[in-house]
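The values are calculated or read from the model by the stated rules, or taken from the named source; none is laboratory data. Source: prediction; values computed, not measured. Ideal geometry is used to build each Cβ from the backbone, glycine not excepted, and the neighbour counts take in all protein chains shown.
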Amino acid sequence: MTQPKDPKGFLVVLPGEIIEIPQDSDKSWLTLFYSLPKELAEKWKPAFDLPRCPYEVLRTDKYDSIVCDDMFKLLVWDCYSWSAWQFFQVKDRKGNYRDIPGDVKQYAGYFPLWRLSYNIIPYIRMKFEQHGLGFQNLYNIPQGVEVPWLTYQQFSNLIGNVTDMVIAEENWQPMIDAIWENRTVEDYETTSSTVKTDFMRKWYHNRSGKPISLDEMMESENGDIFEVADPRSEFEQMVISEMQIAAFAEQNITDKDREILKLRMDGHTEQEIADKVGYKTASAVHKRIAKIASAYEDFVTAEYGKYLDK
């Protein structure tokens, strides 16, 4: 006698029949869609063509062109991934749990926590099935009755509670801790960000967040020092306006320092600056800029440290 197979989908009991919705089917994401707030669903406009009454959506193929569109699944996955990410907890430098610093877009797509925010979605869908937001409830909605939109706050509360529930039941927190404590450079996007800069400083054990090679530090024939190996080389790009210089210089640098920065911003070489301000060599100007940069980096680090300690 053939043994009956366990169901691999979501079961719905209706008068005279039992329906199974396969977990890998396009319609299997409808329970998550009908719980989205309007503010997130509007990220893909065709989603608004799905009626808020799920009766025909579930029982006919009238709306399959929308439900079976890859963009529909992407909408659902991206919304729930982004929402779950907001409730992942990681340790700060004092060992206290807090939200992941920065924005999800500042982390690379293959960062394990970024991927975990997508892996948790099937667990969230199963929790919906178990707690009154599943397919049985959708099928029980009579024809002509609409599912009301959740408010953004209601949705946030829902996903926060469900995410916490999944992490606790699956014992994921130790895994999240290990992932966070073992981050690498590749876990961040290539573009610059405050959270990446803070990590790079720890990674390379210096305030600039860049590797330093003494072999690369060479002096040119006219006395200028190539800036490629200078750990403060990006300082001139960081102070890119007279307003920034004025704000920083108010309590940190002298009038001569301010003149050096202004001349450098105007495109003068270090040798030309040395001639104008009374230094003997370009090297002296270069060293002075490095000292100003050091003070500026200390200033930025202190300000960012205040943010991290909140």
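Table for the structure above
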| item | result |
| --- | --- |
| Options I159, I141, I124: the member that is in a loop (DSSP other than H, G, I, E, B) and in contact (Cβ under 8 Å) with a residue 40 or more places away in the chain | I141 |
| Residues being of a type in the set (G, A, S) and closer than 20 Å to Q153 by Cα - total across segment 74-123 | 4 |
| Among (1) of a type outside the set (G, A, S); (2) in a helix (DSSP H, G or I); (3) surrounded by fewer than 17 Cβ atoms within 10 Å (Cβ to Cβ), the one test that C79 misses | (3) |
| Enumeration of residues in segment 162-186 that are part of a helix (DSSP H, G or I), free of Cβ contacts under 8 Å to residues at least 60 places away in the same chain and charged (D, E, K, R) | E169 |
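Let's see how each residue does on (1) among the charged types (D, E, K, R); (2) surrounded by 13 or more Cβ atoms within 10 Å (Cβ to Cβ):
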site	(1), (2)
V12	no, yes
D24	yes, no
S28	no, yes
L32	no, yes
K38	yes, yes
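Every residue, every condition in (1) outside the structural domain of Q173 (by TED's automatic domain parsing); (2) over 30 Å from M175 (Cα atoms); (3) outside any helix (DSSP H, G or I), yes or no:
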| position | (1), (2), (3) |
| --- | --- |
| D24 | no, no, yes |
| S28 | no, no, no |
| L40 | no, no, no |
| K43 | no, yes, yes |
| R52 | no, yes, yes |
| L58 | no, yes, no |
| A84 | no, no, no |
